[in-house]
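Please treat every number below as a calculation from the coordinates, not as lab data. Just so it is clear, the model here is predicted, and its values are computed rather than measured. Ideal geometry is used to build each Cβ from the backbone, glycine not excepted, and the neighbour counts take in all protein chains shown.
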């Protein structure tokens with residue numbers, strides 16, 4: 001009746017990845033991340049040049065010389081909407097930009113001629129003279145939560161987990177329900193929400209372990225998920241994302257309700273897929289696809305949010321409470337990176353945040369800015385314009 005996912009991983013969502021490769025990359029990322037955080041003075045060649053940028057440029061030039069990489073000017077070959085928006089804005093400004101192909105396959109790295117110089121970057125171009133301090137730690141969800149707890153910005157209680165035995169003790173120490181997610185990563189891959197029992201905890205632990213050595217447990221916050229995108233310490237986008245849901249009529253099964261919702265969905269909305277992740281999610285609510293929901297009872301079908309999962313999205317920057325602008329200025333100044341995407345959960349951002357239980361759950365140093373441009377409702381925001389404006393004021 002409803003489209004099924006086969007031969008792919010439902011826990012990866014709309015962006016499947018190689019589990020073993022991701023496990024290895026995240027394990028090495030954590031080790032290298034700790035070293036660069038501890039020995040950060042060694043990773044700089046001066047005020048405006050980072051060692052990583054220098055090494056990357058040398059390596060790319062070497063790979064080009066031996067024929068391992070090539071450059072392409074076809075914007076339609078970009079591998080995500082974030083990079084495409086950056087490229088479209090570059091074209092408007094007359095910036096020469098090319099995508100890097102590694103062994104004939106496109107990767108999310110680019111070469112651009114900016115202000116007379118050649119710049120290499122991953123998806124989002126960041127001027128080298130701006131602060132890069134936070135890149136050493138901001139994508140580490142555990143370290144992020146720990147630091148934010150100290151400066152008084154709301155965030156859920158967060159604990160780090162490596163072994164299952166630790167997961168059990170953490171479970172006993174936190175208010176239920178809890179969430180288990182990889183310590184690094186994005187798009188909600190291999191994340192389990194609404195965990196209330198140790199049986200559910202164990203299943204969530206092994207799901208996350210497929211792609212990560214270390215993970216975190218967080219206390220559940222209730223409300224919609226929002227992405228607050230900040231450029232140069234200014235809040236420029238505030239995007240709402242809700243999971244897919246159905247509302248019972250006392251007659252139809254959940255499966256039938258999903259079928260009808262898919263049939264009548266909007267053009268921009270993807271189908272709700274009945275897969276292992278959905279089945280597991282509703283089972284933690286004591287339900288099955290053949291369950292009959294009582295009239296007017298609403299249930300979420302997934303932890304993942306947004307239109308690619310059949311959920312709701314809205315850009316609502318003009319509607320939010322004024323306090324959020326100062327909150328995210330403080331958050332951005334603290335993480336000290338030029339472009340940051342903060343994920344938060346709150347029931348109603350149009351109301352005073354001091355009157356609600358809410359929290360920032362993580363920060364993304366490479367945020368998907370296309371969320372703000374293609375929401376189902378609200379005025380679109382072109383974040384790429386703000387990003388390229390960072391290059392207008394070179395202090396040298």
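What's the whole-number percent of alpha carbon pairs in region 51-127 lying beyond 19 angstrom? Percentage above 19 Å: 31. With the simple model of a label 7 Å out from the Cα in the direction of the Cβ, residue 157 to residue 329 spans 3.3 nm.
Nearest 0.05, what FRET efficiency do residue 392 and residue 276 give at R0 = 45 Å with Cβ-Cβ as r? The value I calculate is 0.40. Summarising the label geometry, the points placed 7 Å from Cα in the beta-carbon direction at residue 210 and residue 252 lie 3.0 nm from one another.
What the Cα convex hull of region 160-234 gives, in volume per residue, is 109 Å³.
Starting from the Cα-Cα distance between residue 348 and residue 287, subtract it from 0.36 nm times their residue separation and give me the gain in nm to one decimal.
Values: separation 61, 0.36 × 61 = 21.96 nm, distance 2.77 nm.
Net length gain for the segment: 19.2 nm.
Label-to-label distance, residue 379 versus residue 268, with points set 7 angstrom from Cα along the beta-carbon direction: 1.5 nm.
In terms of its C-alpha gyration tensor, region 244-302 comes out oblate, because a/c is 1.5 or above while a/b does not outweigh b/c. Please report the spacing between the Cα centers of region 149-175 and region 250-295 in Å, no decimals. Using only Cα atoms to place each centre, the spacing works out to 32 Å. For the listed peptides 250-263, 224-237, 138-151, 60-73, a ranking on the average number of other beta carbons within 10 Å per residue, highest first, reads 224-237, 138-151, 250-263, 60-73. Per residue, the average separation of C-alpha pairs within less than 8 Å and at least 6 apart gives region 51-127 a relative contact order of 26 percent. Working from the Cα coordinates of region 81-163, the gyration tensor eigenvalues give, after taking √(5λ), semi-axes of 34, 17, 12 Å in decreasing order.
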